[in-house]
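A.B. asks: Sharing a structure here in structure tokens format.
The values are calculated or read from the model by the stated rules, or taken from the named source; none is laboratory data. Given the structure is predicted, the values throughout are model-derived calculations rather than measurements. Cβ placement follows ideal geometry from the backbone for every residue including glycine, while neighbour counts extend to all protein chains displayed.
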Amino acid sequence: MIRSSLLVLAGVLSLGAQASEPLRGDEGIGYYVAVDSLATIASGTYAGQANPNYGRLTFLFDHGNHFHGIGAYSYTGPGSAPVVNGTNANNRIPETYTLAAPLPLTAGSGSYAGLLVSGVLPESALQHEYSYLGMSSIQSLAGNPAGSERDVLFNSSGGRWNGTLDNVSVALKLESITPGLKVAANGDTDLFDTGNLYLLGAGNSFDFLPVFWTAAGAAPGTYSAQFSLVNLGSNLAVRDSGTFHFDFAVAAPVPEPGTWAMLLGGLFMIGLTAARRAR
């Protein structure tokens, strides 16, 4: 009976661990930009307080039938004396609660040959659903049949995110980045080489497909980029977003077979010499 229960539990965990596909995954889109329309926090420690993220651009991760707000403005401290925080605890991609490793940068091809680049990971990878790095306006999900997957996602959370972004021009602001990590898109290999703002486009209609990259010889380790979303349009009621991060990893190079042979041979000789001295 115990063994049977364990097998059932293992099956549940396995299903829960499978990565889901974003609705626009075939286009490389896994994230959306919307404006938060929730004026008052309804539950939890800060229930009844004004939502500090209200009216702000918000970076959203497509999680099937709902969104995860990444880096939204939030509160810290006691409910009786809340302090506004310009981000939230869930402000990294991959999301830290999953315990997933940073997104790996791997050998590029074509115009990215000789570089280590981001890309969509195999479905078996824990970070798979986070690796669709494309971003789009929330309004790209509008106008679908009622009850369809896109309609459900668009109107999730009681319609909190489905407002239009009229007269909003969305820009991606680079707040900080690990030296050696670059961002490319639309034929430009370094979007932030001359400034820290990149215009994504009109609030209701943009798509953005970035590629993150390093040189092939980049030092192994974690490379991170911190961003926020900025409104450059005339609709001043829409304010800038909180900050969020993308985390990437450069793996240590794998030694060539000949290197392993030399290493093992060297260890053998050291061991042989030590054995002779011990006689």
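A.B. asks: What is the one condition in (1) under 16 Å from the mean Cα position of the chain (by Cα); (2) under 30 Å from G180 (Cα atoms); (3) at pLDDT 95 or above that A19 does not satisfy?
C.D. replies: (3)
A.B. asks: Check the range 161-173 and report whether any residue there is assigned to a loop (DSSP other than H, G, I, E, B) and under 19 Å from E27 (Cα atoms).
C.D. replies: no
A.B. asks: Of the residues T164, T178, which is farther than 15 Å from G119 by Cα, among the β-branched types (V, I, T) and under 16 Å from the mean Cα position of the chain (by Cα)?
C.D. replies: It is T178.
A.B. asks: Right, something else. Out of curiosity, is Y54 among the aromatic types (F, W, Y), within 28 Å of S148 (Cα to Cα) and surrounded by 13 or more Cβ atoms within 10 Å (Cβ to Cβ)?
C.D. replies: yes
A.B. asks: Of everything in the range 194-217, what is of a type in the set (S, T, N, Q), touching a strand residue (DSSP E or B) at 6+ places or on another chain (Cβ under 8 Å) and more than 16 Å from S228 (Cα to Cα)? Give them in sequence order.
C.D. replies: N204, S205, T214
A.B. asks: Turning to a different aspect of this structure: Please give the number of the condition G242 fails out of (1) farther than 22 Å from R92 by Cβ; (2) part of a loop (DSSP other than H, G, I, E, B); (3) not β-branched (V, I, T).
C.D. replies: Every condition holds for G242 apart from (1).
A.B. asks: Further question on the same structure: Filter the range 198-221 down to residues that are under 23 Å from G30 (Cβ atoms) and exposed (fewer than 13 other Cβ atoms within 10 Å of the Cβ), then give me how many there are.
C.D. replies: 1
A.B. asks: Would you check if there is a residue in the range 129-138 being touching a residue at least 12 places away in the same chain (Cβ under 8 Å) and over 22 Å from S228 (Cα atoms)?
C.D. replies: No, the range 129-138 contains no residue that is touching a residue at least 12 places away in the same chain (Cβ under 8 Å) and over 22 Å from S228 (Cα atoms).
A.B. asks: Within the range 236-254, track down each residue that is surrounded by 15 or more Cβ atoms within 10 Å (Cβ to Cβ) and either of a type in the set (D, E, K, R) or out of contact with any Lys or Arg (no Cβ under 6 Å at 6 or more places or on another chain) (or both).
C.D. replies: V238, R239, D240, G242, T243, F244, F246, D247, F248, A249, V250 - these are the residues of the range 236-254 that are surrounded by 15 or more Cβ atoms within 10 Å (Cβ to Cβ) and either of a type in the set (D, E, K, R) or out of contact with any Lys or Arg (no Cβ under 6 Å at 6 or more places or on another chain) (or both).
A.B. asks: Now for a different question. In the range 174-200, how many are in contact with an Asp or Glu (Cβ under 8 Å, 6 or more places away or on another chain) and not in a loop (DSSP other than H, G, I, E, B)?
C.D. replies: 3
A.B. asks: Also, I was wondering about something else. Could you pull out the residue among A225, A219 that is within 25 Å of G119 (Cα to Cα) and either in a loop (DSSP other than H, G, I, E, B) or acidic (D, E) (or both)?
C.D. replies: A219
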